[in-house]
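Coordinate-derived values only; no laboratory data. Since the model is a prediction, treat every value here as computed from it, not as a measurement. Cβ placement follows ideal geometry from the backbone for every residue including glycine, while neighbour counts extend to all protein chains displayed.
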Amino acid sequence: MMILSGDPPRSRVLTLVLVVIILALAATPFLFPGAKALNVAAKICVFAALVASYDLLLGYTGSVSFAHTMFYGIGSYAIAIALYGMGPNWAAVATGIVVGLPLAALLALAIGLFSLRVAAIFFAMITLAVASAFQVLASQLSWLTGGEDGRSFQLPELLRPGTVLISKNMFGFEINGRILTFYLVFAVSAMMILALLRVVNSPFGRVLQAIRENRFRAEALGFRTVFHLTYANCLAALVAAGAGVLNALWLRYAGPDTSLSFSIMLDILLMVVIGGMGTIYGAIIGATIFILAQNYLQSLMGVASKAASEAGLPLLPGLLHPDRWLLWLGLLFIASVYFFPSGVVGRLRHGGGDKGVGTSH
Amino acid sequence: MTELAASDPLPKPKRDIAPILLPIALALLMIPLIGSTSSWLTLTAASLAMGMMIFIMASGLTLVFGLMDVLNFGHGAFIAVGAYIATLVFAPFAASVQADSLLVNLAVLAPAALLSMAVSGALGLVVERVLILPVYGQHLKQILMTTGGLIVAEQTLYALWGPQIIPMPLPASLRGSFILGDVAIAKYRVLAMFIGLAVFIAIQLVLNRTKLGLLIRAGVENREMVEALGYRIRRLFLGVFMTGSALAGLGGVMWALYREQVHASMSDELTVLIFVVVIIGGLGSIGGCFIGAILVAMVANYGGFLVPKLALVSNILLMVAILMWRPRGLYAVTSR
């Protein structure tokens, strides 16, 4: 209970699903052989943390930010540039973290002070504009960021796939640097999610919820809403940058497509809404569903598309083309905002009743 | 406070002209910086044309927000749909498009634009009924719903037309420039300027000189009161939403011709631009939107000429500067 900050899943099915997901993630290197499964598992971990940090904003304060990938990108690029420039050593990793995280927090502070004073809608539009400018900036400053190609780099010795820590003949499994990196990603993501759970269940988190429900009333009660919102924005940016660091470490690469593009922002939105806003646990569920769909639904759709084109149906092959998987998730997104705004988690917790976020103005 | 007799005319609201002077001052300020008068004239004409196109696209968004308090994050989808529909008309009549006669060209261009507007408007009807009606008055859900709509629309365009960029050549008679002395002004830009001005004047006339416009403005001020007077404001809203979508479609056609290509991702790029314009102008204000569009275009053109590196972030800098001066945009609409 302590570790969950007194906010357990509160549903048997949900608990079961979460336990299965976490156990499966933890055991991926041994249960599912192959590089693809490990990649998928690491991506789920990184995105679970990233989406949880976005949930702090969207689900707990009710402000829609489109700049979350910017912070994610800052984390990714900071570590990539540091390791690229200083060579594969731990000092570079530390430099990347020490520069990247505060930079993200400062930028979040600036955006927050500038735009959180006004309505939620203003904040959404301004973050969208700032994020797109940042994206262009990152691709133009190619001497620093590598432009469209991004930056590939080497990891420190310990984390490289070639480093064998425990050889195969001892347990039947080989523990190498790649698996160690995976567990690093897993552990740090888990820690960040637990920390977020702590934040939302603190008095501070309660104030955020009060602001979400009725900003005017929260202000009348004497809470400095701009301070609270800005603080939440900075915290979310910090965790997002942390997730970005993990992402870059896992991919050994940072580039516009993997860490900055607007489509990642849409992915995050989809994950948080499908999983369930304002629950933190929803982030884990949403990220798992989404990334599994991203990686395995496509091949399924490929088969369906082929079948449809062989049957000579019009339109369907195009709509079922593997590249159009986002179309179906977009429809699912609209349906979930409409029919169950509290997402999978809210559905499991309350049965049919929708008491989640979004019913308020 | 002075007493008013019933026969006295109502006191006129004060005209706020500072925002109108802003683009003029900016343009004049640029003369010495740019140096040559001919390039200044060319750049100014380019900014006005670009500004008009942006205005056409953004006007629907700001009107819909002002009247219905609905922020449509999927507005860019109407722009892209409009552009794609125009390619449907352009492709079979490629010969007429390339014919060097203004009349023949316009005979293709005008139906293409009208068809795009009709389709975008019809799509607006569907979007309003399906996506926006269930979530009236809930900003968070509106943003999510319309963003979802944007994803679906963009992906559907990809599914129907494929992911490649579709070329959209300018009609032959609209290529090239008018040459006045040593000033060159592209012909298409002149056309864009005229269409933009016509749209602006039409919107202003409808809003300020007709009963419909009176009801719309009354609805912006106080929705319940208009309803209490027996007008079906829901229908009014729907009409405005469809008009806004149709205008976005028109803007999409014009932008596609300006860039001479069509791609589904144009909606993303333009969404950001029109958001900046709408914020600068003040959410819900048509006049502000007009000035904002011209300012954004001026900063893009002058900035691109003077300091090309700065052009990337110039929109953001402009927005920050304007919001420092007037935190709610150039013309703040009173009720919000």
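Mind checking which lysines have their Cα closer than 30 Å to the Cα of residue B:187? Skip sequence neighbours fewer than 8 apart in that chain.
B:309
At 18 Å minimum axial length over the Cα atoms and a Kyte-Doolittle cut of 1.6, report the qualifying DSSP H helices in chain B, or say none. Before the final figure, lay out each step's value.
On the way: long enough: B:18-34 (23 Å, 2.55); B:37-68 (44 Å, 1.57); B:75-90 (23 Å, 1.75); B:102-127 (36 Å, 2.18); B:139-161 (32 Å, 0.65); B:187-209 (32 Å, 1.42); B:233-259 (38 Å, 1.02); B:266-281 (22 Å, 2.11); B:286-306 (29 Å, 1.81).
Sorted by number, the helices that extend far enough and score high enough are B:18-34, B:75-90, B:102-127, B:266-281, B:286-306.
Measure off 7 Å from each Cα along the Cα-to-Cβ vector at residue B:175 and residue B:118, then give the distance between these two points in nanometres to one decimal.
Using points 7 Å along Cα→Cβ, the separation is 3.0 nm.
Express the Stokes-Einstein translational diffusion coefficient of the range A:214-344 in µm² s⁻¹, to the nearest whole number, given a Kirkwood radius over alpha-carbon pairs, 10 °C and a viscosity of 1.306 mPa s. Show your work: numbers first, answer last.
Working: Rh = 17.5 Å.
Answer from the Stokes-Einstein relation: 91 µm²/s.
What is the distance in Å between the Cα centres of the range A:246-292 and the range A:148-218?
The two parts, judged by their Cα centres, are 13 Å apart.
Using 1/(1 + (r/R0)^6) with R0 = 30 angstrom and r between the beta carbons of residue A:292 and residue B:126, what's the FRET efficiency to the nearest 0.05?
Details: r = 32 Å, r/R0 = 1.05.
Efficiency for this residue pair is about 0.45.
Hey, with R₀ at 35 Å, roughly what FRET efficiency would residue A:167 and residue A:19 work out to, going by the Cβ-Cβ distance, to 0.05?
Values: r = 32 Å, r/R0 = 0.90.
For residue A:167 and residue A:19, the calculated efficiency is 0.65.
Normalise the Cα radius of gyration of the protein assembly as shown by 2.2 N^0.38 Å (N = residues in it) and let me know the number.
Working: Rg = 26.8 Å, N = 697, 2.2 N^0.38 = 26.5 Å.
Against the empirical 2.2 N^0.38 Å value, I get 1.01 for the protein assembly as shown.
Just check the range A:2-350 against the gyration tensor rule for me: Cα atoms, a ≥ b ≥ c as the square roots of the eigenvalues, rounded for a/c under 1.5, and otherwise prolate or oblate depending on whether a/b exceeds b/c.
Taking the square roots of the gyration eigenvalues as a ≥ b ≥ c, the range A:2-350 is rounded.
With each label point set 7 Å from Cα along the Cα-Cβ vector, what nm distance links residue B:25 and residue A:142?
Taking the two extended label points, one gets 4.0 nm.
What percent do you get for the relative contact order of chain A when only Cα pairs under 8 Å and 6+ apart count? If you can, show how the numbers build up before the last one.
On the way: 562 pairs, mean separation 101.1, N = 361.
Rounded, it is 28 percent for chain A.
Could the peptides B:164-176, A:65-77 be put in order, highest first, of the mean number of other beta-carbon atoms found within 10 Å of their residues?
Values: B:164-176: 16.1, A:65-77: 29.8.
Packing order, densest peptide first, comes out as A:65-77, B:164-176.
Aspartates and glutamates within cross-link reach of residue B:211: Cα-Cα under 17 Å, excluding same-chain residues under 8 positions apart?
B:221, B:227
Taking 7 Å along the Cα-to-C-beta vector as the label spot, tell me the residue B:320-residue B:102 distance in nanometres, rounded to one decimal.
Modelled inter-label distance: 4.5 nm.
For residue B:160 and residue A:98, FRET efficiency with R0 = 60 Å and r from the beta-carbon atoms, rounded to 0.05? Before the final figure, lay out each step's value.
Details: r = 49 Å, r/R0 = 0.82.
Efficiency computed from Cβ-Cβ geometry: 0.75.
Which stretch or stretches of the range A:70-93 have amide N atoms under 19 Å from the point lying 7 Å from residue A:157's Cα along the Cα→Cβ direction?
Flagged as within label range: A:83-84, A:86-93.
Among all the aspartates and glutamates, which ones have a C-alpha under 20 Å from residue A:43's C-alpha, if same-chain residues fewer than 8 places away are not counted?
A:55, A:257, A:267, A:323
If you count, for each residue, the other Cβ atoms within 10 Å and average over each peptide, how do A:330-338, A:238-246 line up from highest to lowest? Could the numbers behind the result be given before it?
Numbers: A:330-338: 20.0, A:238-246: 28.1.
Sorting A:330-338, A:238-246 by mean packing, highest first, produces A:238-246, A:330-338.
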